Amino acid sequence: MHILRRTLVAGAAALIAVTTPAMGIAAERTLKLASFVPPIYILHEPIFVKLANDLEAATDGSVKIDIYPSGELGKGPVEQYKRAVSRIAEISYGLPGYTSSVFPKTLLIELPGVTAGHEDATAKLWKVMDEHLRDEFKKTVPLALFVTPPAVLMMRDKPVRSLADLAGLKIRVSSSSAAAVIEAYSATPVPMPANKVYTAMNTGVVDGALMGSDSLLIFKLIETTKYVTTNLPEMPTTIFLVANEEAYNELSDDERKALDNLTGLDISQRSAAGLAKFGRIALGKFAEIDGNETIVLSGEARAAFDAKAAEAVDGLLKKLDGDGLPAFEVVAAMKQ
């Protein structure tokens, strides 16, 4: 009897000794965050690093985020969403526009006439998220969804003061939404990741780029741009931070709650505000360089752009509706 008891106790102790370390390891989760931008990027510290620190603190160290900047988990921003879906990274930072066919409803926020400023656009994305957008984020969970400052035209050597000045020029765009509008302006849209624009402008592959003003500094386009045209019909660029759905569901209820509390509208608005502030700084630095010119469209010139943009938006929404996508319904919901 005593021998049996000692055997059972010893067996239980051995079992505890074997399983306890493994259980401890399982309780600590590390989520890889893939970013295609370098650590000097304006959102790296206040968004990525802060989220990592806050989540570790909120979960008492049970969940940690390791950040892999500059494409360390795979080069090319176009693949960022796929990296989250396939769990190369548990969290990924990228642009829906690089895979426009996956996010047709989300990208409607980029159309002229839908929003008024980065704060308004970001709020509208989250307002319609559950009803209209979440189903586009297949196999992922949106943690942040926001926009850049309204796009400006960054031109290599041809100033744009009127709609006629754009005719026949090659303009870089980030999404199918932007491409439709650029075509209406009688220019040729050239889809291209942001990190390829510098070389494309420097070598004349494109005449200019339609991008948020923050890109002047983030992607060093201030070095290849001589003219910047502002006061265009508003067209921001959408950005996401998404988590792999499987990895998200593997978190405990308390860990998911902690992550939910740190993400969503608030982190999205802080991200948008950070880019907008950086955009203002970029425009200021651009204006200080001898030979550069910032062009503000006149009221008459802006009206011509508005009219063509409205035609493009109406045509795009009709096409999408004809393809079975409730584009008019989504845009109406965004505008409410």
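Values as computed for the structure displayed
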| quantity | calculated |
| --- | --- |
| Failed item, numbered, when residue 328 is tested on (1) open to solvent by less than 10 Å² (accessible area, probe 1.4 Å); (2) free of Cβ contacts under 8 Å to residues at least 60 places away in the same chain; (3) of a type in the set (A, V, I, L, M, F, W, C) | (1) |
| Selection count, the range 86-105, where residues are touching a strand residue (DSSP E or B) at 6+ places or on another chain (Cβ under 8 Å), among the β-branched types (Val, Ile, Thr) and either under 19 Å from residue 196 (Cα atoms) or crowded, with 19+ Cβ neighbours inside 10 Å (or both) | 1 |
| Condition broken by residue 149, with the remaining ones in (1) part of a loop (DSSP other than H, G, I, E, B); (2) surrounded by 22 or more Cβ atoms within 10 Å (Cβ to Cβ); (3) at pLDDT 95 or above satisfied | (3) |
| All positions within the range 219-236 that are in contact with a strand residue (DSSP E or B) (Cβ under 6 Å, 6 or more places away or on another chain) and assigned to a loop (DSSP other than H, G, I, E, B) | 225, 231, 235, 236 |
| Test for residue 245: is it within 22 Å of the chain's Cα centre (by Cα) and surrounded by fewer than 19 Cβ atoms within 10 Å (Cβ to Cβ) | yes |
| Qualifying residue in the range 119-134 (condition: open to solvent by 10 Å² or more (accessible area, probe 1.4 Å) and outside any helix (DSSP H, G or I)) | no |
| Selection from the range 295-325 of residues that are free of Cβ contacts under 8 Å to residues at least 12 places away in the same chain and either more than 15 Å from residue 233 (Cα to Cα) or buried (at least 20 other Cβ atoms within 10 Å of the Cβ) (or both) | 318, 319, 321, 322, 323, 324 |
| Some residue of the range 221-231 being under 23 Å from residue 180 (Cβ atoms), surrounded by fewer than 23 Cβ atoms within 10 Å (Cβ to Cβ), in contact with a Ser or Thr (Cβ under 7 Å, 6 or more places away or on another chain) and at pLDDT 95 or above | yes |
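The values are calculated or read from the model by the stated rules, or taken from the named source; none is laboratory data. This is a predicted model, so every value here is computed, not measured. Glycine also receives a Cβ, built like all others from the backbone with ideal geometry; neighbour counts cover every protein chain displayed. All accessible areas refer to the heavy atoms of the entire protein, side chains included, with ligands and DNA or RNA removed. Shrake-Rupley method; radii C 1.70, N 1.55, O 1.52, S 1.80 Å.
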